[in-house]
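Reading through the structure tokens given below for one structure.
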Amino acid sequence: QNIHLVSKWLGSLEKKLEQHSEGSHKDFRVFISAEPAPSPDSHIIPQGILENSIKITNEAPTGMHANLHKALDNFNQDTLEMCTREHEFKSILFALCYFHAVVAERRKFGPQGWNRPYPFNTGDLTISVNVLYNYLEASSKVPYDDLRYLFGEIMYGGHITDDWDRRLCRTYLEEFIKPEMLEGELLLAPGFPLPGNMDYNAYHQYIDDALPPESPYLYGLHPNAEIGFLTQTSEKLFRMVLEMQPRDTSTGEGGAVTREETVKALLEEMLEKLVDEFNIAELMAKVEERTPYIVVALQECERMNMLTSEIKRSLQELDLGLKGELTITSEMENLQNALFMDMVPESWIKRAYPSTASLGTWFADLLTRIKELEAWTADFSLPSAVWLAGFFNPQSFLTAIMQSTARKNKWPLDKMTLQCDVTKKNREDFASLPREGAYVHGLFMEGARWDAQTGIITDARLKELTPAMPVIFIKAVPAGKHDVRGLYPCPVYKTRQRGPTYVWTFNLKTRENPSKWVLAGVALLLQI
């Protein structure tokens with residue numbers, strides 16, 4: 001609708017309501033329904049209307065208990081009786097309701113829940129139940145594979161754009177909809193078995209009686225997932241409170257340090273710590289042969305130069321602005337605000353690598369990255385253990401491992417893959433390079449932890465959200481040569497935002513079914 005017309009109309013409505021507030025029928029009421037405004041400039045309901053009305057909000061249910069009841073509310077006793085294969089139909093229908101509630105509510109756990117948020121809706125559930133009815137009526141055995149494919153790849157999967165999220169959706173269905181469900185041995189969550197054959201009201205009663213209290217376990221997640229999600233929510237809230245503070249630059253009583261002085265001190269400290277840019281021509285002259293690793297090192301130096309030159313340029317410009325030698329532009333203003341708020345400025349982010357850190361931590365990390373590059377380019381010999389997170393483009397380094405092995409053994413590059421062996425040691429324990437491949441350090445696991453003694457993934461300890469991984473030995477092998485049984489294909493991301501920061505997949509050993517780690521949202525992170 002046209003927002004200007006609506007806001008005009010609301011103004012005249014406000015006047016009409018004032019006129020009718022006296023002398024009208026005692027039962028006269030006006031009901032207005034509205035949806036949440038996408039942005040503050042769309043807040044157009046006049047204050048007078050808001051102040052004089054009783055406001056009722058209808059929010060989506062939260063928690064598995066409310067969501068499961070709501071999913072079941074889409075059906076009734078007649079639905080349960082419409083299929084000739086009653087037992088199979090009811091079992092799969094209830095499992096679908098649980099699945100629907102889980103995928104909708106898992107969003108609250110942020111990127112550990114889903115890499116991207118999806119608009120799953122009631123239509124997905126009701127259409128899936130219609131498909132289920134048609135398939136059961138038409139075939140003599142339950143076509144589990146077909147049903148899972150239709151639900152997971154088409155009905156719900158139609159919303160999903162990320163491959164890892166697709167795997168998660170598929171895994172839930174593999175766990176919930178399988179032949180064991182008719183033998184009464186299927187657990188939808190720890191302590192919550194799939195109910196037997198009941199009537200409609202008994203299913204609602206069963207949810208009230210049997211569903212354990214709300215916890216990440218109901219989604220297949222570890223309790224730490226909740227801590228992480230609550231921490232991030234409160235950090236966001238504090239950040240908003242900080243941003244809303246008045247930006248007064250004048251000194252108060254007692255001559256407190258002004259905003260400008262704070263920024264100026266920070267700016268000078270940063271400029272002092274930044275070293276000269278890498279001399280690419282000089283570095284290239286040192287190199288006899290441009291091996292895959294050396295190409296990566298030079299590319300990284302070029303990217304680092306682009307970032308540090310922008311940092312210097314913008315800081316020096318702001319310095320002149322604060323001294324009054326240049327007119328302060330909106331760009332300088334934004335930079336000043338970012339420095340004061342301890343946030344990484346926009347123009348730096350564009351030239352940098354994904355990061356969720358505040359400015360102080362980010363800058364210290366930048367200096368460490370520069371040191372690593374300086375050490376590596378001093379004589380171009382690879383460090384004994386490589387800090388994978390230190391790269392702008394970690395993929396290029398991992399590809400270089402494959403390229404150098406392919407050259408050495410005369411193997412075709414497109415027929416190769418990386419094999420990851422987690423060692424029992426830390427970075428300090430390595431003094432020399434492996435014969436081929438590389439040792440990498442500085443990874444963290446989220447959703448579980450690595451047990452160095454037994455060499456497998458195991459349950460996380462409570463309150464240890466991102467335990468560090470030992471050094472990982474990565475080498476290239478011909479594709480198809482290594483056994484994938486007993487392995488969990490674990491995505492590696494640059495940050496906790498996951499999604500677009502995906503780097504690679506490392507296959508990690510597990511004694512438990514890999515599906516457990518899929519549901520738990522287990523991933524490796526390069527920075528936390």
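Some points to look at:
- Verdict on Arg351 being over 32 Å from the mean Cα position of the chain (by Cα), closer than 28 Å to Thr495 by Cβ, open to solvent by 40 Å² or more (accessible area, probe 1.4 Å) and not β-branched (Val, Ile, Thr): no
- Residue in the range 173-183 that is open to solvent by 30 Å² or more (accessible area, probe 1.4 Å), among the charged types (D, E, K, R) and either in the same structural domain as Val518 (by the TED database) or farther than 30 Å from Lys141 by Cβ (or both) present: no
- Qualifying residue in the range 443-463 (condition: touching a residue at least 60 places away in the same chain (Cβ under 8 Å), open to solvent by 20 Å² or more (accessible area, probe 1.4 Å) and among the aromatic types (Phe, Trp, Tyr)): yes
- Pairs linking a residue in the range 273-299 that is at negative phi and surrounded by 12 or more Cβ atoms within 10 Å (Cβ to Cβ) to a residue that is among the aromatic types (Phe, Trp, Tyr) and in a helix (DSSP H, G or I), with Cβ atoms under 6 Å and 6 or more positions apart or on different chains, are Val296/Phe397; Ala297/Trp376.
- Gly480 vs. criteria open to solvent by less than 30 Å² (accessible area, probe 1.4 Å) and at positive phi: no
- Lys475 closer than 17 Å to Leu388 by Cβ, at pLDDT 95 or above, open to solvent by 10 Å² or more (accessible area, probe 1.4 Å) and charged (D, E, K, R): no
- Taken across the range 156-166, residues that are more than 33 Å from the chain's Cα centre (by Cα), under 20 Å from Leu132 (Cβ atoms) and surrounded by fewer than 19 Cβ atoms within 10 Å (Cβ to Cβ) do not occur at all.
- Whichever residue in the range 484-498 is out of contact with any Gly (no Cβ under 9 Å at 6 or more places or on another chain) and either crowded, with 16+ Cβ neighbours inside 10 Å or free of Cβ contacts under 8 Å to residues at least 12 places away in the same chain (or both) and, among such residues, is farthest from Leu524 (Cα to Cα): Arg485
- Any hit, the range 56-72, residues being part of a loop (DSSP other than H, G, I, E, B), open to solvent by less than 60 Å² (accessible area, probe 1.4 Å), at pLDDT 85 or above and assigned by the TED database to the domain that holds Leu125: no
- Single condition Ala375 does not satisfy, out of (1) more than 19 Å from Leu266 (Cα to Cα); (2) aliphatic (A, V, I, L, M); (3) modelled with pLDDT under 90: (3)
- Looking only at the range 115-139, and only at residues there that are open to solvent by 20 Å² or more (accessible area, probe 1.4 Å) and among the charged types (D, E, K, R), the one that is nearest to Ile177 (Cα to Cα): Glu137
- Candidates are the residues of the range 140-152 that are out of contact with any helix residue (DSSP H, G or I) (no Cβ under 8 Å at 6 or more places or on another chain) and of a type outside the set (S, T, N, Q); the one that is least open to solvent (accessible area, probe 1.4 Å) is Asp145.
- Once the range 83-135 is narrowed to residues that are without any contact (Cβ under 8 Å) to a residue 12 or more places away in the chain and not basic (Lys, Arg), the residue that is nearest to Asp146 (Cα to Cα) is Asn134.
The values are calculated or read from the model by the stated rules, or taken from the named source; none is laboratory data. These numbers were taken from a predicted model, which means no experiment stands behind them. Here Cβ is always computed from backbone atoms with ideal geometry, including for glycine, and neighbour counts include all displayed protein chains. Just the protein is used for accessible areas: all its heavy atoms, side chains included, with ligands, DNA and RNA removed. Shrake-Rupley method; radii C 1.70, N 1.55, O 1.52, S 1.80 Å.
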